[in-house]
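The values are calculated or read from the model by the stated rules, or taken from the named source; none is laboratory data. As the structure is a computational prediction, the values presented were derived from the model and not from experiment. Every residue, glycine among them, receives a Cβ derived from its backbone with ideal geometry; neighbour counts consider all protein chains shown. In case anyone asks, the SASA skips ligands and DNA or RNA and just uses the protein heavy atoms, side chains included. Shrake-Rupley method; radii C 1.70, N 1.55, O 1.52, S 1.80 Å.
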Amino acid sequence: MAIGEAIAEGGRDFIRDIVQADLDAKRHSTVVTRFPPEPNGYLHIGHAKSICLNFGIAAEFGGRCHLRFDDTNPAREEQEYIDAIERDVRWLGFDWGPHLHHASDYFDRLYEWAEVLVKAGKAYVDDQTPGQMRVNRGTLTEPGKNSPFRDRTVEENLDLLRRMKAGEFPNGARVLRAKIDMASGNINLRDPVLYRILHASHPRTGTAWSIYPSYDFAHGQSDAIEGITHSICTLEFEDHRPLYDWFLDNLPVPAHPRQYEFARLNLTYMVLSKRVLTTLVRDGHVNGWDDPRMPTLAGLRRRGVPPEAIRDFIKRIGVAKANSVVDAAMLDFSIREALNKTALRRMAVLRPLKVVIENYPEGPGEELEAVNHPDNPDAGSRKIRFGRELYIERDDFMENPPKKFFRLSPGTEVRLRYAFFITCREVVKDDKGEVIELRCTYDPATRGGNAPDGRKVKATIHWVSAVDSKPAEVRLYNPLFSKPDPTGGEGFTADLNPQSLEVLSGARVEPALAVGSNAADPVQFERQGYFVRDLDSTADRLVFNRTVGLRDTFAKEVGGKS
RNA sequence: UGGGGAAUAGUUCAAUGGUAGAACAGCGGACUCUGACUCCGUUAAUCUAGGUUCGAAUCCUAGUUCCCCAGCCA
């Protein structure tokens, strides 16, 4: 891809400016980035920002991007997450080629470097308990105190480190720490932990190790080993940068990558915290990581969101260093924009109301032509069956309509899309006064949807035939959280939206939705929204997820409707 | 009271000493066999106070507000 067009693709931001400047100054011949997830949860839309940034920059500037698992803590990492992450990054549209790496690939080298630091008198084994370490670390405003073990000899440190590695000590007995400055204003520099004892089986290295490197000790060196030029991470690592640089300055690394930080993504009505998402899954507040209400890539995918919509959204929100909360309406916009172009149009009645056309003959009815996409003739058309008995949307009828209501009501005429004009003649109710059926008449001259006499109707409504429409379950999703700024803290369940899932079990859909090799493709249910078949569907039970509703200015005006 | 960051329309992002602009959201209208799409119009911002300068969102000084850091998590 040519650099010029690629830049248009990704937009401009301060990180791309830095990369461009580095390339211009010939500090690097090739840009190399990396996306470094820890496999302890599923990827969410916040990660998508980082993925698009890292892979996007690599593509735009003709470099490469590595997928590197930051698997330094076997106590919380699992193979399921590793597989899910690879699947999701690919689905989003990115390819790491041969560059699938793991921090664990470097465990040997990292360990050698730990010995290098020990031999240089820049690291020591500390026997303090976690509690003692915490106390001696000081506070935000008071300096820490040196550990009583800080001045052990190189020989003793080396011996202890090797025995830690050999598994001689129990979990937590000792740690290896860098000897930097216990009085630093930056707490990351108060003798950070390099290695901790962890007798745990690692998904890749099994039980080969009894000690595992910390994030700080592993990350920058992994970047250096892989020849990463720009190590892009989120804001909370900003004050780790001096430490990142300290390791690279004090170790015989092959390169010195530079770390840059950007603000992570936040969205209204969502919580993007691994802790909260994990709890949601674990405690059954949602039905798994791919629940369509989840902000995970797996959840968005199942809900029917196309990857290009996510990429477009990420491009629109930009990259900066100021904390921000993006309006979820922006995501919806990108989803609608992507789907509007491609989704075939279909008719489905979510909450059916029976209509009998009194002057239409009994019998098999007739076939009418409906286009599949109004803006794309190549999408072709299909036949839909019209008959004496139909279903329309309950919302499309009101017995006592307000004056801005254009749809069906007693005595009014509307168009049935691609079919005929009908007029409501009679309302049938049950003993409770509930409307259960409409008796209407149709105008045979309006076949196809136009009146020869040129008369107009104020509304066109969708419908399905009572005889050949298929029953379906439709799942409507609303925000998982009821507040625009859910806490995400301890009592986050209090902010959960009890209406986040609405199941409509009595929907009727046109037959075209039940067949076809492309049954998994997103569709637009006309006048309602974009939907996709859920994987819970079976041969005799269709299930659809609402990806996103159509913009609905009428609902906004009257202030109702789900 | 330590260290590190950030403040521009309602929201997100531009403007890199020279006309404060875009997208989303909102509002109004046109079009329409989807109250969709599309199109047109429109409301709306430089955290505060000083200073430098012909000219400041941008540079300087002082302040204000918000975010992050005291895991053997990442």
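When residue A:145 is tested against (1) more than 14 Å from RNA strand B (Cβ to nearest atom); (2) open to solvent by 30 Å² or more (accessible area, probe 1.4 Å), just one condition goes unmet, and that condition is (1).
So is residue A:505 open to solvent by 20 Å² or more (accessible area, probe 1.4 Å) and touching an Asp or Glu at 6+ places or on another chain (Cβ under 8 Å) or not? For residue A:505, the condition - open to solvent by 20 Å² or more (accessible area, probe 1.4 Å) and touching an Asp or Glu at 6+ places or on another chain (Cβ under 8 Å) - is met.
Could you check the range A:109-121 and list, in sequence order, the residues that are of a type outside the set (Ser, Thr, Tyr), open to solvent by 10 Å² or more (accessible area, probe 1.4 Å) and in contact with a Phe, Trp or Tyr (Cβ under 9 Å, 6 or more places away or on another chain)? Residue satisfying the conditions is A:113 alone.
Would you pick out the residues in the range A:163-199 that are more than 7 Å from RNA strand B (Cβ to nearest atom) and either in contact with a His (Cβ under 8 Å, 6 or more places away or on another chain) or over 30 Å from residue A:238 (Cα atoms) (or both)? The answer is A:163, A:164, A:165, A:166, A:167, A:168, A:169, A:170, A:199. In the range A:521-533, the condition of being of a type in the set (Asp, Glu), open to solvent by 80 Å² or more (accessible area, probe 1.4 Å) and either farther than 18 Å from residue A:392 by Cα or in a strand (DSSP E or B) (or both) is met by no residue. Does residue A:337 count as surrounded by 17 or more Cβ atoms within 10 Å (Cβ to Cβ), out of contact with any Leu (no Cβ under 6 Å at 6 or more places or on another chain) and modelled with pLDDT of 95 or more? Answer is no for this residue. Contact map, the range A:436-456: residues that are touching a residue at least 40 places away in the same chain (Cβ under 8 Å) paired with residues that are acidic (Asp, Glu) and open to solvent by 80 Å² or more (accessible area, probe 1.4 Å), Cβ distance under 7 Å, separation 6+ or inter-chain. Pairs shown: A:439/A:426. The single residue among A:159, A:216 that is in contact with a Pro (Cβ under 6 Å, 6 or more places away or on another chain) and open to solvent by 20 Å² or more (accessible area, probe 1.4 Å) turns out to be A:216. Filter the range A:373-421 down to residues that are basic (Lys, Arg) and touching a Leu at 6+ places or on another chain (Cβ under 8 Å) and give me whichever is farthest from residue A:342 (Cα to Cα). The residue in question is A:394. Of all residues assigned to the range A:359-366, at least one qualifies as being surrounded by 13 or more Cβ atoms within 10 Å (Cβ to Cβ), among the small types (Gly, Ala, Ser) and either touching a Lys or Arg at 6+ places or on another chain (Cβ under 7 Å) or assigned to a strand (DSSP E or B) (or both).
Being in contact with a strand residue (DSSP E or B) (Cβ under 8 Å, 6 or more places away or on another chain), open to solvent by less than 30 Å² (accessible area, probe 1.4 Å), within 12 Å of RNA strand B (Cβ to nearest atom) and of a type in the set (Phe, Trp, Tyr): is that true of residue A:420 here? Spelling it out, residue A:420 is indeed in contact with a strand residue (DSSP E or B) (Cβ under 8 Å, 6 or more places away or on another chain), open to solvent by less than 30 Å² (accessible area, probe 1.4 Å), within 12 Å of RNA strand B (Cβ to nearest atom) and of a type in the set (Phe, Trp, Tyr).
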